[in-house]
1. Going by the structure shown, is residue 156 assigned to a loop (DSSP other than H, G, I, E, B), touching a residue at least 40 places away in the same chain (Cβ under 8 Å), surrounded by 21 or more Cβ atoms within 10 Å (Cβ to Cβ) and in contact with a strand residue (DSSP E or B) (Cβ under 9 Å, 6 or more places away or on another chain)?
2. Exactly one condition in (1) assigned to a helix (DSSP H, G or I); (2) at pLDDT below 90 is not met by residue 214; state its number.
3. Restricted to the range 97-117, and to residues that are surrounded by 17 or more Cβ atoms within 10 Å (Cβ to Cβ) and touching a Phe, Trp or Tyr at 6+ places or on another chain (Cβ under 9 Å), which residue is farthest from residue 158 (Cα to Cα)?
4. Give 47, 7 a once-over and let me know the one that is in contact with a strand residue (DSSP E or B) (Cβ under 7 Å, 6 or more places away or on another chain), surrounded by fewer than 14 Cβ atoms within 10 Å (Cβ to Cβ), outside any loop (DSSP other than H, G, I, E, B) and of a type in the set (A, V, I, L, M).
5. It is to be established whether one or more residues within the range 65-76 are out of contact with any Phe, Trp or Tyr (no Cβ under 7 Å at 6 or more places or on another chain), surrounded by fewer than 17 Cβ atoms within 10 Å (Cβ to Cβ), of a type in the set (Phe, Trp, Tyr) and within 27 Å of residue 137 (Cβ to Cβ).
6. Spot the failing condition for residue 180; the list is (1) in contact (Cβ under 8 Å) with a residue 12 or more places away in the chain; (2) under 19 Å from the mean Cα position of the chain (by Cα); (3) surrounded by fewer than 18 Cβ atoms within 10 Å (Cβ to Cβ); (4) over 24 Å from residue 17 (Cα atoms), and only one is missed.
7. Any idea which of (1) part of a loop (DSSP other than H, G, I, E, B); (2) closer than 24 Å to residue 137 by Cα is the one residue 38 doesn't satisfy?
8. Name the residues in the range 18-41 that are of a type in the set (Val, Ile, Thr) and more than 17 Å from the chain's Cα centre (by Cα), would you?
Amino acid sequence: MYIEVNAYSKTIKGVTVLDNITCGFNRGRIYGLQGKNGSGKTMLLRALSGLIFPTSGSITIDDKHLGKDISFPKSVGLLIENPSFIGRYSGLKNLELIASLKGLINTDDVRKAITSVGLDPDDKRSYRKYSLGMKQRLGVACAVMEKPDIILLDEPINALDPSGIAYVEHIISKAKHDGALIIIACHDSEELNLLADEIVILAEGRIISKELVHHERI
């Protein structure tokens with residue numbers, strides 16, 4: 001699994017939100033997108049997931065052009081901005097509905113994904129009664145439950161307490177071990193340095209630097 005972004009630019013209503021982005025991403029690695037609000041982190045995730053199309057440039061996934069050869073990545077788990085589910089349904093019911101779209105996993109798999117983020121799959125409360133942290137955990141569970149090849153997470157630890165952060169860190173590390181290609185947008189530089197193998201720093205829609213992260217092994 002390899003993603004190549006080639007001279008990708010995107011203009012919306014006369015404003016350039018991504019400006020000549022060129023970079024590559026390999027499977028089995030975790031990439032961090034770092035930058036201030038409005039730097040282009042979320043827009044780059046939208047581009048990689050096929051939710052927006054380039055004004056110029058291209059994205060290829062294993063040599064297939066996104067938006068031409070394929071409309072979306074074949075196997076992708078996605079959490080962009082705030083998670084949103086059907087308010088009157090439980091977390092389990094919501095994820096079962098989403099899982100039914102492709103039919104790749106069963107209810108046991110959904111339950112395991114919910115448990116993996118520290119939620120109770122038997123919790124009968126409706127989604128609208130969830131706290132912000134619980135909603136975030138469910139969003140992460142939804143993104144990873146089908147064990148996709150590509151995982152794109154936008155501020156995954158937002159609104160999480162320390163135990164929630166620990167669950168997410170474990171999930172991300174396991175997905176990397178299983179060979180997924182993971183890209184995380186996060187304003188927390190300490191968190192990115194803990195998780196990422198490489199950090200891409202953006203400002204005003206441009207990549208201004210790339211940094212390899214060297215993890216000490218004990």
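1. Answer is yes for this residue.
2. All conditions pass for residue 214, except number (1).
3. The selected residue is 116.
4. Step by step, each of 47, 7 is checked, and only 7 is in contact with a strand residue (DSSP E or B) (Cβ under 7 Å, 6 or more places away or on another chain), surrounded by fewer than 14 Cβ atoms within 10 Å (Cβ to Cβ), outside any loop (DSSP other than H, G, I, E, B) and of a type in the set (A, V, I, L, M).
5. For the range 65-76, residues out of contact with any Phe, Trp or Tyr (no Cβ under 7 Å at 6 or more places or on another chain), surrounded by fewer than 17 Cβ atoms within 10 Å (Cβ to Cβ), of a type in the set (Phe, Trp, Tyr) and within 27 Å of residue 137 (Cβ to Cβ): present.
6. (3)
7. Of the numbered conditions (1) part of a loop (DSSP other than H, G, I, E, B); (2) closer than 24 Å to residue 137 by Cα, the odd one out for residue 38 is (2).
8. The answer is 21, 22.
The values are calculated or read from the model by the stated rules, or taken from the named source; none is laboratory data. Just so it is clear, the model here is predicted, and its values are computed rather than measured. Cβ sites come from the backbone with ideal geometry, for glycine too, and all protein chains shown count toward neighbours.
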